[in-house]
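No value in this document is a laboratory result; all are computed from the given coordinates. Owing to the predicted nature of the structure, the values given are computational and were not obtained by experimental measurement. Virtual Cβ from ideal backbone geometry, glycine too; neighbours counted across all protein chains shown.
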Amino acid sequence: MAQEKKQVEQHELGERCMDHIHSIMHLYRSKQYALLKDQAFELSHMEFKALNYFWYHPNTTQKDLVKHSGRDKSQLARLITGLKDKGLVLTTTDPEDRRVVRISLSPEGEQIHEEVKQLGKSLSMQAVAGLSVQESQTLQQLLSKIRSNLTD
């Protein structure tokens, strides 16, 4: 009976923990979206995530982004077309396989990416304000364990 009660308590604690993580990410994304809107970048969260991916992986393909994000191929095709129409990404045909289109940030895309990254840094600092270095490190370790548990 005591073992069963302990399992119920752990389950409830786990649910509350995941609710907090979800709530924090919702607040973070909401504030991030407001900052993007205030700066007149007209970028959605997914558009910024795609820009970020292309920044870290220049000359990559839509197929690579699909694999990385787990998003629908047609959804990402529309997203990439929108970024291209805004002048934020450039596409080139792969010289070795003309069927493959490579995607990179345009100079304007790189500039906006850098500005949005700076906004993100400010927001991240706001999120952990008041935590000591040790608390931040402990939080990061605990969140890494949770992520690992979910990826196994």
Among Arg98, Arg78, Arg29, whose mean-square fluctuation peaks in a Gaussian network model of the chain (Cα, cutoff 10 Å)?
Arg98
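Nothing charged except the Cβ atoms of Lys and Arg (+1) and of Asp and Glu (-1): what's the magnitude of the dipole of the chain about its Cα centre? Round to the nearest 20 debye.
Values: 21 positive and 20 negative charges, 49 e Å.
It works out to roughly 240 debye.
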Considering the convex hull of the alpha carbon atoms of region 1-79, report its projected area averaged over all viewing directions, in nm², one decimal.
7.6 nm²
Taking +1 at the Cβ of each Lys and Arg and -1 at the Cβ of each Asp and Glu, which of Ile21, Leu76, Ile112 sits farthest along the dipole of the chain towards its positive end, judged by Cα position relative to the Cα centre?
Leu76
With no solvent and one equal point scatterer placed on each C-alpha of the chain, evaluate the Debye formula and give log10 I(q)/I(0) for q = 0.20 Å⁻¹, two decimals.
-1.29
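Highest first, please rank the peptides 16-23, 43-50 by the mean number of other Cβ atoms sitting within 10 Å of their residues. Numbers along the way, then the final one.
Numbers: 16-23: 10.8, 43-50: 18.4.
Most protected by this proxy first, the peptides run 43-50, 16-23.
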Over region 73-143, one equal point on each Cα, no solvent: what is log10 I(q)/I(0) by the Debye formula at q = 0.14, 0.16, 0.24 Å⁻¹?
-0.68, -0.75, -1.04
Mean residue ellipticity at 222 nm from the helices of the chain, using -39,500 (n - 2.57) per DSSP H segment of n ≥ 4 over the full residue count, to the nearest 500 deg cm²/dmol?
-24500 deg cm²/dmol
Checked against the positive end of the charge dipole of region 29-152 (+1 on Cβ of Lys and Arg, -1 on Cβ of Asp and Glu, about the Cα centre), the farthest of Ser144, Val89, Leu51 is Ser144
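Multiply the residue gap between Asp64 and Ser148 by 0.36 nm, knock off their C-alpha separation, and tell me the result in nm, one decimal place. Don't jump to the answer; show the numbers that get you there.
Details: separation 84, 0.36 × 84 = 30.24 nm, distance 2.28 nm.
Full extension of this stretch gives 28.0 nm more.
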Below 8 Å, C-alpha to C-alpha, sequence gap of six or more: please give me the relative contact order for the chain in percent.
20 percent
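Which entries in the list Lys63/Lys145; Lys31/Lys117; Lys63/Lys84 go over 19 Å, if you measure between the two C-alpha atoms of each? Write out the running numbers ahead of the final one.
Numbers: Lys63/Lys145 29 Å; Lys31/Lys117 14 Å; Lys63/Lys84 16 Å.
Too far apart for the 19 Å limit: Lys63/Lys145.
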